[in-house]
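Below is one structure, written out as structure tokens, with a few remarks after it.
The values are calculated or read from the model by the stated rules, or taken from the named source; none is laboratory data. Just so it is clear, the structure is predicted and the values come from calculations on it, not from any experiment. Cβ: placed from backbone, ideal geometry, glycine included. Neighbour counts: every protein chain shown.
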Amino acid sequence: MTSTLHHAWTGEPFAEVAHAGPAAIERAIAAAYAARPAMAALPGWRRREALEHLQARVRENADALAETLTAEGGKPITAARVEVARAQATLREAAAEAGRLDGTMLDLDRDLATRGWRGFTKCVPAGVASLITPFNFPLNLVLHKLAPALAAGCPILLKPAPATPLSALRLGTWLAECGLPEGAFAILPCANEHAAPLVEDDRIAVLSFTGGLIGWHLKARAGKKRVVLELGGNAACIVDADPGAPLEQVVARVVAGAYGQAGQSCISVQRLIVHRDVLPALRDALIAAVRAVPTGDPREERTVIGPMINANAAERLDRWIDEAIAAGATPLVRGARDARHTALLGATLLENVPAHLPLYREEAFGPVLLLEAADDLEHAIERANDSRFGLQCGLFTGSHASALRAWDALQVGGVVIGDVPTVRVDRMPYGGIKDSGLGREGPRWALDDFSETRLMLVTR
């Protein structure tokens with residue numbers, strides 16, 4: 001079975017992708033399971049070399065990869081180039097960690113009963129890793145799973161998003177150049193209905209999934225295997241009475257965080273909570289900036305908002321916006337649909353969206369920003385925490401005490417001081433709480449998910 005990929009802007013077919021059926025998936029799982037001893041025996045320097053080879057290939061093919069990201073997913077070309085650069089950073093960090101699976105020595109001689117005992121620990125690969133990745137960062141988020149799994153010595157089964165599989169397939173061709181053991185990896189584009197074994201099969205030791213709330217259902221089906229989930233959010237950004245930066249700088253960062261690559265990021269700014277004293281001036285500057293956001297052909301250098309992943313996604317968000325306006329929200333800027341490019345939705349800015357509506361409660365995952373007022377920092381934190389999600393939150397403040405208070409009180413995996421929640425440094429521990437998921441990504445932190453501690457006790 002194959003599928004045809006169409007250019008996100010022109011609609012022209014540009015790639016044919018073969019899909020793995022049930023038999024191919026079974027062969028891949030069996031081969032990966034059989035490859036565990038060989039992968040575990042692969043020394044750290046060999047794993048590092050493989051990761052460095054991938055980094056070199058990504059660097060050599062940077063322009064082609066960026067053009068692919070734009071074609072298959074509609075990512076603006078400038079954002080695509082940033083993703084390719086970040087992918088190299090992710091590989092560099094993972095390569096540095098490939099030889100880090102160190103152990104410790106434990107002095108257990110603490111009382112009469114344990115006299116003479118010592119303990120030693122080492123890290124060993126957890127086993128076969130099943131990796132399921134999303135469409136919005138089809139290169140770098142693939143590598144945030146693949147690279148630490150390889151660094152840990154795990155055989156890899158990778159299912160890329162059906163809409164954006166090409167970057168992962170290219171990585172597979174470059175992995176094939178590394179002389180890894182037979183069965184060490186498989187790139188498996190497939191229909192979602194055929195992916196059940198990649199979740200349920202007991203030969204798989206680790207499931208790492210990035211995507212929507214369906215991740216919780218996958219966890220329930222995963223059995224005894226270790227599960228890591230990154231399930232999105234509806235990120236808030238707070239602007240304190242003293243933002244700690246000029247308003248024009250705050251507005252520029254908020255606009256970049258809310259509308260970059262059409263808002264299709266798990267940590268895109270969805271809710272902007274502003275101190276009442278600052279709100280009037282910020283509102284005026286924000287309206288002007290949102291109206292000026294360049295929208296259209298993602299191949300053009302100036303474009304910030306290109307098409308969403310498909311027309312259905314744009315239609316769903318457009319409907320949520322109309323519902324909010326009908327319920328009393330104020331449309332400060334209302335982005336329009338494009339009659340020709342039906343996945344394109346212009347930048348939208350709403351104020352006073354009722355908090356019970358889907359646009360406020362759920363993940364918008366598109367180019368919309370919701371503006372609301374707060375009486376003080378505590379009120380702003382309360383509003384930010386009023387969410388089923390808890391991935392990241394941004395805070396603009398000039399107060400050290402306010403920063404520490406937010407770090408203590410915000411119910412999120414990460415607090416970004418002086419910037420928007422959309423900031424992600426690829427070596428940091430990234431992940432959320434509540435419905436945003438389980439575990440942390442970043443090569444150093446993900447190694448813990450792809451490895452296990454093994455103890456040896458020795459007596460004199």
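Quick grid of which residues meet (1) crowded, with 24+ Cβ neighbours inside 10 Å; (2) without any contact (Cβ under 8 Å) to a residue 12 or more places away in the chain; (3) over 30 Å from Leu404 (Cβ atoms); (4) not acidic (Asp, Glu):
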site: Ala196; (1), (2), (3), (4): no, no, yes, yes
site: Leu207; (1), (2), (3), (4): yes, no, yes, yes
site: Gly232; (1), (2), (3), (4): yes, no, no, yes
site: Val239; (1), (2), (3), (4): yes, no, no, yes
site: Val250; (1), (2), (3), (4): yes, no, no, yes
site: Val254; (1), (2), (3), (4): yes, no, no, yes
site: Arg291; (1), (2), (3), (4): no, no, yes, yes
site: Glu301; (1), (2), (3), (4): no, no, yes, no
site: Asn310; (1), (2), (3), (4): no, no, yes, yes
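When restricted to residues that are touching a helix residue (DSSP H, G or I) at 6+ places or on another chain (Cβ under 7 Å) and surrounded by fewer than 18 Cβ atoms within 10 Å (Cβ to Cβ), region 418-437 contains 2. Taking region 363-376 as the range and being touching a helix residue (DSSP H, G or I) at 6+ places or on another chain (Cβ under 8 Å) and surrounded by fewer than 22 Cβ atoms within 10 Å (Cβ to Cβ) as the test, the residues that pass are Glu372, Ala373. In the condition set (1) assigned to a strand (DSSP E or B); (2) of a type in the set (A, V, I, L, M); (3) at pLDDT below 95, Leu101 is compliant with all but (1).
Among Val416, Val420, Val425, which is in a loop (DSSP other than H, G, I, E, B), free of Cβ contacts under 8 Å to residues at least 60 places away in the same chain and within 20 Å of the chain's Cα centre (by Cα)?
On the way: Val416 fails: in a loop (DSSP other than H, G, I, E, B); Val420 fails: free of Cβ contacts under 8 Å to residues at least 60 places away in the same chain.
Of the residues listed, the single one that is in a loop (DSSP other than H, G, I, E, B), free of Cβ contacts under 8 Å to residues at least 60 places away in the same chain and within 20 Å of the chain's Cα centre (by Cα) is Val425.
Applying a threshold of 7 Å to beta carbon distances and a minimum spacing of six or more residues, or different chains, the list of pairs starting in region 110-121 at a residue that is on the phi > 0 side of the Ramachandran plot and ending at one that is surrounded by 10 or more Cβ atoms within 10 Å (Cβ to Cβ) and not in a strand (DSSP E or B) reads Gly116/Asp109. Quick check: is even one residue across region 123-140 surrounded by fewer than 21 Cβ atoms within 10 Å (Cβ to Cβ), in the same structural domain as Ile187 (by TED's automatic domain parsing) and not in a loop (DSSP other than H, G, I, E, B)? Looking for residues that are surrounded by fewer than 21 Cβ atoms within 10 Å (Cβ to Cβ), in the same structural domain as Ile187 (by TED's automatic domain parsing) and not in a loop (DSSP other than H, G, I, E, B), one finds at least one in region 123-140, hence yes.
In the set Gly172, Gly103, Gly99, only one residue is closer than 22 Å to Asn61 by Cα and either surrounded by fewer than 24 Cβ atoms within 10 Å (Cβ to Cβ) or among the acidic types (Asp, Glu) (or both); that residue is Gly172.
Taking helices (runs of 4 or more DSSP H) as the structural unit, those lying wholly within region 1-75 and holding at least 1 residues that are at pLDDT 95 or above, farther than 30 Å from Glu452 by Cα and acidic (Asp, Glu) correspond to 44-60, 62-73.
Within the span defined as region 265-284, one or more residues are surrounded by fewer than 17 Cβ atoms within 10 Å (Cβ to Cβ), closer than 26 Å to Gly418 by Cβ and among the aliphatic types (A, V, I, L, M).
Scanning region 144-180 for residues that are part of a loop (DSSP other than H, G, I, E, B) and under 14 Å from Gly127 (Cα atoms) returns Gly153, Cys154, Pro155. All of Ala87, Ala98, Ala23, Ala94 fail the test of being in the same structural domain as Lys159 (by TED's automatic domain parsing) and either in contact (Cβ under 8 Å) with a residue 60 or more places away in the chain or more than 28 Å from Leu198 (Cβ to Cβ) (or both), apart from Ala94.
Could you grab me the full set of residues in region 213-242 that are part of a helix (DSSP H, G or I) and of a type in the set (A, V, I, L, M, F, W, C)?
Our first condition is that a residue be part of a helix (DSSP H, G or I); within region 213-242, this holds for 214-221.
Result: Ile214, Trp216, Leu218, Ala220.
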